[in-house]
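Structure first, then comments.
The values are calculated or read from the model by the stated rules, or taken from the named source; none is laboratory data. Fair warning: this is a prediction, and the values are worked out from it, not measured in the lab. We place every Cβ from the backbone using ideal geometry, glycine too, and count neighbours over all the protein chains shown. Keep in mind that these areas ignore ligands, DNA and RNA; they rest on the heavy atoms of the full protein, side chains included. Shrake-Rupley method; radii C 1.70, N 1.55, O 1.52, S 1.80 Å.
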Amino acid sequence: MEENLRIATIVRKTDENHTDRSIIEEAASILRAGGLVAFPTETVYGLGADALHEEASGKIYAAKGRPSDNPLIVHIADETQLAPIVQTVPEKAKALMKAFWPGPLTIIFRKSDVVPRGTTGGLDTVAVRMPEHKIALELIRVSGLPVAAPSANTSGRPSPTNASHVYEDLNGRIDMIIDGGTVGIGIESTIIDVTCEPPMILRPGYITKEKLERVIGPVAVDKAVTEPVSPDVIPRAPGMKYKHYAPKADFTMFSGEADKVAAYINRLAEEKICQGYKVGVIVCDETVDKYQAGDVVSVGTRKNDITISRNLYRVLREFDNKKVDYIFGETFTDDEFGQAIMNRMLKAAGYQVEIVT
Ligand code: AMP
Ligand code: MG
């Protein structure tokens, strides 16, 4: 962006448990005036704008460099904000809302006429979520608006899990950043489409298939969740076709028995370092001592998946900042919440996985 097109980005810090009301009011008035505010949610930081104002949500696409056919998720703070923006609320959606809202579950509805196509990437449906984060909820409530908010990163980079990630990508392009510290979950919400039968998971997240099925019975999973999307197919969640969550380095994951994977990665990392490359290695607390070559980082413990999801994007960004050329990583289990973590890692790695025997 040209220097003279840059705007002054205000950064304000507040605590989720003692939210500063004047900061929320300042942010809410920016949203009401059609501006852009980045704020924390329990999943990742979102970049908010008035969802019903086509020009305002258009600014999100410009700031992020986001393709215009990639729809935005609309955030609400209470259920009274839902009826005006959707045509109907199916029974299964009601059950899901009761079980998981506020929380990291996005539900796709048929949109009403008040939602501009500029917000929904041209679709007749709208994605809606009620976040479980006091700053996000208060901001939406005080603004009195449904707030369109995709992840607050430059399109194609890993989603931001703290305010400095947002600053790195969007300083000078947005009006305000609310710094509410590091987020809890660290990867984006689960998306479920209830306009089809059975309902279909379009993106896995913290609310797993198993948890959803306990509430509404069988759900399907979109192919784009587990397989690379071919360029001529438009997935049901258009965002899944883009190279998301991508570090700048060439990222490959290795699966197999822990000792063999470690020996293989150690050898490969040494080889690349000898050739003059910088190497990052992504492992876990249980195996970190087995690694000697490259910049070795544990993302968390396999005993608690959320420690891994919380750190993953930060680690990928740090490797970007260190200008790492190659990232070698372990794979993680893909059951329950692990499926969401592996989905993001596979996308980051461009589906490069080698089996070590
Ligand atoms: P982000 O908020 O950056 O995590 O991106 C939003 C994700 O939600 C993208 O993958 C979109 O494709 C998806 N999404 C938003 N609205 C819809 C919709 N109406 N139908 C299907 N997917 C949607
Ligand atoms: Mg995103």
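Worth a mention:
- Enumerated strands (runs of 3 or more DSSP E) restricted to the stretch 111-196, each holding at least 2 residues that are open to solvent by less than 10 Å² (accessible area, probe 1.4 Å) and at positive phi: none
- Residue pairs whose Cβ atoms lie under 7 Å apart, separated by 6 or more positions or on different chains, with the first residue in the stretch 26-44 and under 13 Å from residue 147 (Cα atoms) and the second polar (S, T, N, Q) and in a loop (DSSP other than H, G, I, E, B), do not occur.
- Of the criteria (1) within 16 Å of ligand 1 (Cβ to nearest atom); (2) not in a helix (DSSP H, G or I), which one residue 218 fails: (1)
- Filter result for residue 143 (out of contact with any strand residue (DSSP E or B) (no Cβ under 6 Å at 6 or more places or on another chain), within 16 Å of ligand 2 (Cβ to nearest atom), of a type in the set (Gly, Ala, Ser) and within 25 Å of residue 33 (Cα to Cα)): no
- Residue in the stretch 36-46 that is touching a strand residue (DSSP E or B) at 6+ places or on another chain (Cβ under 8 Å), within 22 Å of residue 10 (Cβ to Cβ) and open to solvent by 30 Å² or more (accessible area, probe 1.4 Å) present: no
- Residue 248 being modelled with pLDDT under 90, among the charged types (D, E, K, R) and surrounded by 14 or more Cβ atoms within 10 Å (Cβ to Cβ): yes
- Residues in the stretch 272-296 that are under 24 Å from residue 183 (Cα atoms), open to solvent by 30 Å² or more (accessible area, probe 1.4 Å) and touching a helix residue (DSSP H, G or I) at 6+ places or on another chain (Cβ under 6 Å): there are none.
- Members of the stretch 319-335 that are surrounded by 15 or more Cβ atoms within 10 Å (Cβ to Cβ) and in contact (Cβ under 8 Å) with a residue 24 or more places away in the chain: 319, 320, 324, 325, 326, 327, 328, 329, 330, 331, 332
- Among the residues making up the stretch 54-80, a single one is part of a loop (DSSP other than H, G, I, E, B) and out of contact with any helix residue (DSSP H, G or I) (no Cβ under 9 Å at 6 or more places or on another chain): 65.
- Any chance residue 13 is surrounded by 17 or more Cβ atoms within 10 Å (Cβ to Cβ) and among the basic types (Lys, Arg): no
- Strands (runs of 3 or more DSSP E) (entirely within the stretch 235-342) containing at least 2 residues that are of a type in the set (Phe, Trp, Tyr): 250-255, 326-330
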